[in-house]
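Presented below is the structure to which this report refers.
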Amino acid sequence: MCVIIVTVGQVKPEMSLLLMIACGVTLTFFLISYVIPLIDGISSIGEAGGIESDFIEIALKSVGICVAVQIASDVCRDAGQSALASKLEMGGRLALLLVALPLFNRLLSLSLEIMGK
């Protein structure tokens, strides 16, 4: 598929970008069928290990954010929009911090509990 995109890109650059996006979306939908069993497996491992489901949920959300932001920023860079890609990555970092906020709160409460306050 890459050869087709490069060949089309030499004749019609705007079409190669559309083909690249279409291939990326198609591949993403194909890979989703593998992600669902992976999530189930991680959840069952966490439950067997006694890890709270909230922590597993935060970890899975974080991985999802990372993957989505990476794909989107790669598409932006391929389209020649590196500034937009950088802003997207910054937004992804902020989203990760927002998702991890309950972990920080839990860490703070545990620290205060250990210190006896």
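Odds and ends about this structure:
- Here the relative contact order of segment 52-115, from alpha carbon pairs under 8 Å that lie six or more residues apart, stands at 35 percent.
- Structural descriptor for the chain: relative contact order 17 percent, calculated from alpha carbon pairs under 8 angstrom and at least 6 residues apart.
- Axial C-alpha extent at least 30 Å, average Kyte-Doolittle at least 0.0 - helices from the chain (DSSP): 13-48, 53-78, 82-115
- Cα gyration tensor shape for segment 40-86, rounded if a/c is under 1.5, else prolate or oblate: prolate
- One chain, two ends: SER86 and LEU27. Fully extended at 0.36 nm per residue, the span grows by 18.9 nm beyond their Cα-Cα distance.
- Matching label, log10 I(q)/I(0) by the Debye sum over Cα atoms at q = 0.11, 0.22, 0.23 Å⁻¹ computed from the structure shown, candidates (i) -0.31, -1.51, -1.69; (ii) -0.48, -1.12, -1.19; (iii) -0.56, -1.20, -1.24: (iii)
- Secondary-structure-derived ellipticity at 222 nm for the chain, considering helices only, amounts to -32500 deg cm²/dmol, per-run term -39500 (n - 2.57) for DSSP H runs with n ≥ 4.
Read the figures in this text as sums done on the coordinates, not as results from a lab. For clarity, every value in this text was computed on a predicted model and none was experimentally measured.
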